[in-house]
Amino acid sequence: MEKLLNELSSQSNPSYEVKCDIENDCFIPKHLKRKSDLGLPSVAENDLLRHFTNLSRMNYALSTTFYPLGSCTMKYNPLINERIAKHEAFNSIHPYQPAETMQGVLEIMHCLERDLCEISGMDYFSLQPAAGAHGEFAGLLIIAAHFKSLKQKRTKIIVPDSAHGTNPASAAFAGFEIVPLKSEPDGSLSAQKVKEILTPETAAIMLTVPNTLGVFEKEIAEIAKVAHENGTLLYYDGANLNALMGFARPGDLGFDVMHINLHKTFSTPHGGGGPGSGPVGVKSFLEQFLPVPRVEKKNDKYVLDYKKTKSIGCVKSFFGNFPVILRAYAYVKALGGKGLKNASAQAVLNANYMLAKFKDKITVPAGSRCMHEFVLSPKAALGNGVRTLDAAKRLLDYGYYAPTVYFPLIVEEAIMIEPTETESKETLDKFIETLNKIILEESADEPQRVKDSPLNTPVARLNEVEAARNPILKWK
Ligand SMILES: *Cc1c(COP(=O)(O)O)cnc(C)c1O
């Protein structure tokens, strides 16, 4: 600390020298010390407790409400996971301690990697990336390293127009040029169209299966064939693995690189954007490029291997987001192979049940069957200039977290619903009834009320344009 402070102060004031003395509180240089009082209010313990409890009750959470946020897989997060993630045996580990003193932690990472391979059909995984988007970025760097090692100049990535925004963003970040691929009217992709836009410069095609409209790519085998014949790799965005696990494996479908959003498919509470973990998986011919460190088993001992000369390097400090890894491991072990397969089956059944209840009243652009999620286009059903955004805001008044809206971009006035496997028929029925009421009745009978909503929440509707243009980032 003394060294660091001297270093810092020598830059701003070369004559300043710090003498460390914790007892006498001169640990912090004088000029960095607070000059005025912190100004914390003095309140009774009860009042403080009530303040924070009431604040927490303003939150939407899966423990209080249904959370049908499409593309995000807001499933039930078993509380046992939290207890495990909080356990002292894992929390007291320091990433710099020697590998032989944390064999259990390394074993868990090694086992989860093997489980993810079994579930996905990939040969190797790295648990380092901190989110799905980060896994995409790491995967694309691996693809770039692969073609560099082959001395092939491949600069383009094909991304369908139904893709999540992170796909083109990651590809651009990794230095590629994006070639858009247009979806068919039913939301699927045509192998013929893929073939037409492939060139010797196409490095990879990034696909989400089932895609963001909840549609399984019927032509995936053919797409994989034409891509591979062209020397192009196939990237699998694993955000929707919740629809497939136990039934089909991306590795068997022809994918070469993928990520898994552990916080989605394998349960970690992740509202508000975190925390996450996006392990990146590859077929064996790409193993050498995976991020370091790799957890390996040598002579019955687990070691961290940093010495991989072809690796793309570290993409996150130390082991990645270990508490999320731990929750995923607990979830996989608790459910087992049959349980995971059953979760997918139930997620698909729940989504189809809901879709069947909506499809006669509200336009469904991608057909009347879906995988684990579906997209409605209520444009024609909404009256009096009421928009999807208004209907979504109105749902807040009824105590629901609003589903994803205006995504995927190819559907007009889109509303995307993912019920997940962990909701009861009663919950689904109530939500269906509420959304139908807002779209079909309220928009016709009391349009202004819907446009002004939410009316019952602690914060009323924000002026989003004003908030974006003129953000007030101070509370006082
Ligand atoms: C959630 C999601 C991502 C991004 O994943 P993060 O973990 O949020 O970074 C990418 N693609 C799709 C289809 C997604 O739903």
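Every read-out reported here was derived from the displayed coordinates using simple, explicitly stated rules and does not represent laboratory data. All values derive from a computational prediction rather than experimental measurement. Positions of Cβ are backbone-derived with ideal geometry, glycine not excepted, and every protein chain shown enters the neighbour counts.
Under a 5 Å amide H to amide H cut-off, with H placed in plane at 1.01 Å, what residues pair with T404 once short-range neighbours are removed?
G70, M416
What are the lysines whose alpha-carbon lies under 24 Å from the alpha-carbon of K151, with same-chain residues fewer than 8 places away excluded?
Cα-Cα hits under 24 Å: K195, K225, K283, K307, K308, K310.
Which whole-Hz couplings ³J(HN,Hα) result when phi for each residue of region 399-412 is put into the Karplus expression 6.51 cos²θ - 1.76 cosθ + 1.60, θ = phi - 60°, listed in order with x for Gly and Pro?
Working through the residues one at a time gives x, 9, 6, 6, x, 5, 10, 6, 8, x, 5, 7, 10, 5 Hz.
In whole angstrom, note down how far apart the Cα centers of region 286-303 and region 328-393 are.
39 Å
Mind listing the phi-derived Karplus ³J(HN,Hα) values for region 128-134, rounded to whole Hz, using 6.51, -1.76 and 1.60 with θ = phi - 60°, and x for any glycine or proline?
My calculation for region 128-134 gives 5, x, 8, 6, x, 4, 5 Hz in order.
Out of H146, A203, T166, whose Cα points farthest toward the positive end of the dipole of region 142-206 (charges: +1 Lys, Arg; -1 Asp, Glu; placed on Cβ)?
My answer, from the dipole projection, is H146.
Using the Cα centre as the reference, give the magnitude of the dipole from point charges on the C-beta atoms of region 80-180 (Lys, Arg: +1; Asp, Glu: -1; all else neutral), rounded to the nearest 20 debye.
560 debye
Treat each spin label as a single point 7 Å out from the Cα along the C-beta direction, and report the Q97 to A356 distance in nm.
The modelled label-to-label distance comes out at 5.4 nm.
I want to verify the translational diffusion coefficient of region 323-409 in µm²/s; compute it with Stokes-Einstein, Rh as the Kirkwood radius over Cα pairs, at 37 °C and 0.692 mPa s.
Translational D for this selection: 212 µm²/s.
Provide Rg over Rh for region 324-476; use the alpha carbon set for both Rg and the Kirkwood Rh (inverse mean inverse pair distance).
Computed over Cα atoms, the ratio is 1.04.
Over the Cα atoms of region 315-356, how large are the radius of gyration and the largest Cα-Cα distance (Dmax), in Å?
15.1, 47
Which of the lysines could a cross-linker bridge to K357, judged by Cα under 18 Å and excluding same-chain residues fewer than eight apart?
K379, K425, K430, K437
Would you mind working out the magnitude of the charge dipole of region 264-405 relative to its Cα centre, with +1 at each Lys and Arg C-beta and -1 at each Asp and Glu C-beta, to the nearest 20 Debye?
Dipole size: approximately 300 debye.
With charges only on Cβ, +1 for K and R and -1 for D and E, what is the dipole size of the chain about its Cα centre, in debye, rounded to 20?
560 debye
Enumerate the whole-percent occupancy of each 5 Å bin, from 0 to the last occupied one, for all C-alpha pair distances of region 222-322.
2, 11, 16, 19, 19, 17, 11, 4, 1
With N set to the number of residues, divide the alpha-carbon radius of gyration of region 46-191 by 2.2 N^0.38 Å and report two decimals.
For region 46-191, the normalised Cα radius of gyration is 1.47.
Loop-only check: which trypsin sites (Lys or Arg not before Pro) in region 294-349 are DSSP coil with at most 16 other Cβ within 10 angstrom?
Qualifying residues, ordered by number: K307, K308, K310.
List the aspartates and glutamates whose Cα sits under 14 Å from the Cα of K3, skipping any in the same chain fewer than 8 residues away.
E17, D21
Can you work out D for the chain in µm² s⁻¹ from Stokes-Einstein, where Rh is the Kirkwood radius over C-alpha pairs, the temperature is 25 °C and the viscosity is 0.890 mPa s?
Rounded, D is 98 µm²/s.
What Kirkwood hydrodynamic radius, in Å, does region 90-167 give when the mean of 1/r is taken over all pairs of distinct Cα atoms and then inverted?
Working: mean 1/r = 0.0642 Å⁻¹.
Its Kirkwood hydrodynamic radius stands at 15.6 Å.
In whole Hz, what ³J(HN,Hα) sequence does region 445-450 give by Karplus (6.51, -1.76, 1.60; θ = phi - 60°), x for Gly and Pro?
8, 9, x, 5, 4, 5
In percent, how large is the relative contact order of the chain, given Cα pairs closer than 8 Å and 6 or more residues apart?
Contact order relative to length: 18 percent.
Of L396, H372, V386, whose Cα points farthest to the positive end of the dipole of region 344-439 (charges on the beta-carbon: +1 Lys, Arg; -1 Asp, Glu; origin at the Cα centre)?
Of the options given, the answer is V386.
Just from its helices, what would the mean residue ellipticity at 222 nm be for the chain, if runs of 4 or more DSSP H residues each count -39500 (n - 2.57) and the sum is divided by every residue, rounded to the nearest 500 deg cm²/dmol?
-11000 deg cm²/dmol
For a footprinting-style exposure proxy, rank L440, L207, L244 by other Cβ within 10 Å, fewest first.
L440, L244, L207
How big is Rg to Rh over region 157-227, alpha-carbon atoms, Rh as the Kirkwood inverse-mean-distance radius?
On the Cα set of region 157-227, Rg over Rh gives 0.93.
Count the net charge of all other residues whose Cβ sits under 13 Å from the Cβ of S443, scoring Lys and Arg as +1 and Asp and Glu as -1.
+1
Using amide H atoms built in the peptide plane, which far-off residues or other-chain residues are under 5 Å from V280 H to H?
S126, Q128
List every residue whose amide H lies under 5 Å from the amide H of T208, counting only residues 5 or more places away in sequence or on a different chain, with H placed 1.01 Å from N in the peptide plane.
Distant-sequence amide H within range of T208: D237.
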